[in-house]
Amino acid sequence: MPSALPLGLPAPEDGILPTDAAVGADARDFGLYVHIPFCAVRCGYCDFNTYTATELGGGASQDAYAGSVLTELGLGAVALERSGVPRRPMSTVFFGGGTPTLLPAEDLAAILRAATATWGLEPGAEVTTEANPDSVTPESLRILRDAGFTRVSFGMQSAVPHVLAVLDRTHAPERVPQAVQWARDAGLKVSLDLIYGTPGESIDDWRASLTTALSYGPDHISAYALIIEEGTRLASQIRRGQVPPIDDDDHADKYALADELLTAGGLHWYEVSNWARTPDDACRHNLAYWRGSDWWGAGPGAHSHVGGTRWWNVKHPRAYSTALDTGKSPAAGREILTTADRYVEDVMLRVRLREGLPTGKLAPAGRTAVAGLIADGLVEPAAAFAGRVVLTFRGRLLADAVVRRLLPD
Ligand SMILES: C[S@@+](CC[C@H](N)C(=O)[O-])C[C@H]1O[C@@H](n2cnc3c(N)ncnc32)[C@H](O)[C@@H]1O
Ligand code: SF4
């Protein structure tokens, strides 16, 4: 079951933004996120805004979906222009889901073409799609590459069959190296998503997943601790005692092993949960989120942010296409971030980056906390003296606690 949307202010039907959103826009990057809310099967741990064919029921078809996104892009371009936000070419585009590659590659290509015709695409822009290993073919990957995609991020999760089974993953482990090879042959960069801390996963299982993932030579790996989301099948299996609960200490040991093996394998952390082979292989789209850039988020439940105004679309694909069919913005609500909100977000997100948080961005109370964080081994002393708060390895394990100390009440 997908999680709920935030509450917020009502969003205007014409999508016009407050005047402040345009201030300084010329100096900010602009990106596009396209949400594809379809999956062949819902994994038991996932509460993303995604629907199987059975969950969708009638009236919201995958076939018509690309057309709805094109309509949103058209309305979006008009709304930005009428809000006085200058047109900037896209620096990054990210198709996420759900499972974007459940749609025909031609549909994803058509959306990218329309977005490029609307806003333009910077030379050398990063264009990523997420994919399940069993939802691509050599042909579909070639079509994506020819259309301008540069990168594919596969949900590998684990290399161990009993772990994949608890996660309800449908792909056979041997499908992953095949899909990686097809992506490389097509000329795409490859990222792999891994999950650690699945109930029943031993430290040796996790070691096997890491070494197997590294043996495929990806450019990038994301490793996330499994979150047990309320309302998911996995949460109720744990509550009923059918699956053992997760253990936070186990998460710390597994994070440490990930960092050790990924670093030894030639990947370097650039965000607490993300490792890249070279600085060029870091996900520029996610970096843009973490640095507070502007992006349009198209699709049901997608969030957007332009110059301190954030809005989010209605969640269900049917409500989404109905709004667009009647010429209205599909936005369900929005919030205008105050200076204080933006400060909190900036600290929370930037401190997780290897490049660190400039100390000059900290309020006096945060700056005062830095000495204690150095003394506790959570922040790198040399970086702090050079004007940036950069987490040590121990700091990465305790990143949330570091944020709380940098943001005292
Ligand atoms: C939209 S999915 C990726 C693409 C594709 N649908 C797939 O699963 O292969 C994005 C990623 O979110 C992560 N994810 C989803 N639910 C999670 C959870 N409850 N805990 C940790 N990671 C999660 C998974 O690693 C997944 O690969
Ligand atoms: S395939 Fe990906 S998006 Fe779909 S349910 Fe599984 S983890 Fe979630």
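In this label model, Thr211 and Thr54 are separated by 3.9 nm, measuring between points 7 Å along each Cα→Cβ vector. Diffusion coefficient of the chain by Stokes-Einstein, Kirkwood radius over Cα pairs, 25 °C, 0.890 mPa s: 110 µm²/s. With a Förster radius of 35 Å applied to the C-beta separation of Arg394 and Asp204, the computed FRET efficiency comes to 0.90.
Summed over the residues of the chain and divided among them, the accessible surface reaches 42 Å² per residue at a probe radius of 1.4 Å. To the nearest 10 square angstrom, what accessible area does His35 show with a 1.4 Å probe? His35 has an accessible surface of roughly 10 Å² with all protein chains in place. Ranked from largest to smallest solvent-accessible area, with a 1.4 Å probe on the protein heavy atoms, Arg388, Arg394 come out as Arg394, Arg388.
Taking 0.36 nm per residue of sequence separation and removing the Cα-Cα distance, the Ala264/Thr326 pair yields an extension gain of 16.8 nm. Residues in the range 20-26 carry Karplus couplings, in order, of 4, 4, 7, 5, x, 4, 4 Hz; the curve used is 6.51 cos²θ - 1.76 cosθ + 1.60 with θ = phi - 60°, and Gly or Pro positions show x.
Summed over all non-identical Cα pairs, the Kirkwood treatment of the range 71-197 gives a radius of 15.8 Å. Computed in the context of the full set of protein chains, the accessible area of the chain at 1.4 Å probe radius has 56% of its extent on carbon or sulfur.
Here the simple spin-label model places points 7 Å from the Cα toward Cβ, and for Ala27 and Ala117 these points are separated by 3.5 nm. Rounded if a/c is under 1.5, else prolate if a/b beats b/c, else oblate: with a ≥ b ≥ c from the C-alpha gyration tensor eigenvalues square-rooted, which is the range 229-372? Since a/c reaches 1.5 but b/c is at least a/b, the shape of the range 229-372 is classed as oblate. Working note: Karplus 6.51/-1.76/1.60 with θ = phi - 60° gives the range 64-71 the couplings 8, 5, 4, x, 5, 4, 4, 5 Hz, where Gly and Pro are set to x.
Under a 5 Å amide H cut-off, with hydrogens placed 1.01 Å from N, Leu17 pairs with Ser83 among residues at least 5 apart or on other chains. Under the simplified labelling scheme, the Ile238-Asp253 pair shows an inter-label distance of 1.8 nm, with each label point 7 Å from Cα along Cα→Cβ. If you take the Cα centroid of the range 196-243 and the Cα centroid of the range 331-395, the two points sit 29 Å apart. Entry note, the chain: the mean residue ellipticity at 222 nm calculated from DSSP H runs of n ≥ 4, each adding -39500 (n - 2.57), is -11500 deg cm²/dmol after division by the residues and rounding to the nearest 500. The stretch between Thr359 and Asp146 holds 72.3 nm of extra length on full extension. This uses 0.36 nm per residue minus the Cα-Cα distance. Which shape class, rounded, prolate or oblate, goes with the range 339-409 when its Cα gyration tensor gives a ≥ b ≥ c as root eigenvalues, a/c under 1.5 marks rounded, and past that a/b bigger than b/c marks prolate? Judged from the Cα gyration tensor, the range 339-409 comes out rounded (a/c under 1.5). The 3J(HN,Hα) values that the Karplus relation (6.51, -1.76, 1.60; θ = phi - 60°) gives for the range 340-357 are, in residue order, 5, 4, 5, 5, 4, 5, 4, 5, 4, 7, 6, 5, 7, 8, 4, 5, x, 9 Hz. Gly and Pro appear as x.
The values are calculated or read from the model by the stated rules, or taken from the named source; none is laboratory data. Given the structure is predicted, the values throughout are model-derived calculations rather than measurements. Every residue, glycine among them, receives a Cβ derived from its backbone with ideal geometry; neighbour counts consider all protein chains shown. In case anyone asks, the SASA skips ligands and DNA or RNA and just uses the protein heavy atoms, side chains included. Shrake-Rupley method; radii C 1.70, N 1.55, O 1.52, S 1.80 Å.
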